[in-house]
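Student: There's a structure below that I have some questions on.
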Amino acid sequence: MDLKEYIRVIEDFPKEGISFKDITPLLKDRDAFRYAVKSISDNLRDLNVDVIVGPEARGFIFGAPVAYELGVGFVPVRKPGKLPAEKVSYEYKLEYGKDSLEIHKDAIKKGARAAVIDDLLATGGTILSTAKLVEKIGGEVVHIGFLIELASLKGRENLKGYDVSTIIKYE
């Protein structure tokens, strides 16, 4: 199945010069969505993953069903102020300013094998921060997987040292 057929490209959204990749047509098609989840999961089957970690918000959309498919737990990584229990934060730089992500301090057991899953690899900043959070609380990031990669933004360069896979690539 060619999943690119289910990605709607919207030029100049959310601002001029951006070529937005809209995953909603893929999500609403049961066969395409199932195929996408299975494809991401297949990249993880031989890695003995203990837990899937997904950053807010679209990492939830793919991370949770991948966790279900593999029979492992799912851990959300959230923006500040969204998690109710004791948490750990990681601050990272944006093009103009800073942002941070949080994870529950007890979300991952020490030494647990984690895979980080998200919908899109652009510059890699959010995912690198997510991986650093997992490591900060004692997990081992054994894989980082995406549905889509925007290769021209060179996000893989920010993820050197990690095993990275993507299903759909845009040059």
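No value in this document is a laboratory result; all are computed from the given coordinates. What you see is a predicted model, and the numbers here were worked out from it, not measured in a lab. Positions of Cβ are backbone-derived with ideal geometry, glycine not excepted, and every protein chain shown enters the neighbour counts.
Student: What number of residues within the range 115-171 are assigned to a helix (DSSP H, G or I), out of contact with any helix residue (DSSP H, G or I) (no Cβ under 6 Å at 6 or more places or on another chain) and farther than 25 Å from Asn48 by Cβ?
Tutor: Summing the residues that are assigned to a helix (DSSP H, G or I), out of contact with any helix residue (DSSP H, G or I) (no Cβ under 6 Å at 6 or more places or on another chain) and farther than 25 Å from Asn48 by Cβ in the range 115-171 gives 7.
Student: Which of the residues spanning the range 6-32 are in a helix (DSSP H, G or I) and touching a residue at least 12 places away in the same chain (Cβ under 8 Å)?
Tutor: Result: Tyr6, Thr24, Pro25, Leu26, Leu27, Asp31, Ala32.
Student: For the list (1) touching a residue at least 40 places away in the same chain (Cβ under 8 Å); (2) part of a helix (DSSP H, G or I), I need the number of the one condition that Gly54 fails.
Tutor: Unmet condition: (2).
Student: Kindly evaluate Gly59 against the criterion of being more than 16 Å from Arg113 (Cβ to Cβ) and in contact (Cβ under 8 Å) with a residue 40 or more places away in the chain. Walk me through it before giving the result.
Tutor: Details: more than 16 Å from Arg113 (Cβ to Cβ): yes; in contact (Cβ under 8 Å) with a residue 40 or more places away in the chain: yes.
Taking the combined requirement at face value, the residue satisfies it.
Student: While we're here: For the range 143-155, state whether one or more residues are at negative phi, surrounded by fewer than 20 Cβ atoms within 10 Å (Cβ to Cβ), touching a strand residue (DSSP E or B) at 6+ places or on another chain (Cβ under 8 Å) and aromatic (Phe, Trp, Tyr).
Tutor: Taking every residue of the range 143-155 in turn, none turns out to be at negative phi, surrounded by fewer than 20 Cβ atoms within 10 Å (Cβ to Cβ), touching a strand residue (DSSP E or B) at 6+ places or on another chain (Cβ under 8 Å) and aromatic (Phe, Trp, Tyr).
Student: Among the candidates Ile108, Ile127, single out the residue that is crowded, with 19+ Cβ neighbours inside 10 Å and either more than 20 Å from Leu44 (Cα to Cα) or within 15 Å of the chain's Cα centre (by Cα) (or both).
Tutor: Being crowded, with 19+ Cβ neighbours inside 10 Å and either more than 20 Å from Leu44 (Cα to Cα) or within 15 Å of the chain's Cα centre (by Cα) (or both) holds for just one of Ile108, Ile127, which is Ile127.
Student: Touching a residue at least 60 places away in the same chain (Cβ under 8 Å) and either part of a strand (DSSP E or B) or not charged (D, E, K, R) (or both) - does that describe any residue in the range 64-82?
Tutor: Yes, some residue in the range 64-82 is touching a residue at least 60 places away in the same chain (Cβ under 8 Å) and either part of a strand (DSSP E or B) or not charged (D, E, K, R) (or both).
Student: Could you list, in sequence order, all residues of the range 83-139 that are among the charged types (D, E, K, R) and touching a residue at least 40 places away in the same chain (Cβ under 8 Å)?
Tutor: Scanning the range 83-139 gives Lys109, Arg113, Asp118, Asp119, Lys132, Lys136.
Student: In this structure, does Lys38 turn out to be in contact with an Asp or Glu (Cβ under 9 Å, 6 or more places away or on another chain) and outside any helix (DSSP H, G or I)? It would help to see each step written out before you state the result.
Tutor: Working: in contact with an Asp or Glu (Cβ under 9 Å, 6 or more places away or on another chain): yes; outside any helix (DSSP H, G or I): no.
Here the answer is no, as Lys38 does not meet what is asked.
Student: Quick check, is Asp42 surrounded by fewer than 18 Cβ atoms within 10 Å (Cβ to Cβ) and under 16 Å from the mean Cα position of the chain (by Cα)? Spell out how you get there, then give the answer.
Tutor: On the way: surrounded by fewer than 18 Cβ atoms within 10 Å (Cβ to Cβ): yes; under 16 Å from the mean Cα position of the chain (by Cα): yes.
Judged against the criteria, Asp42 is a match.
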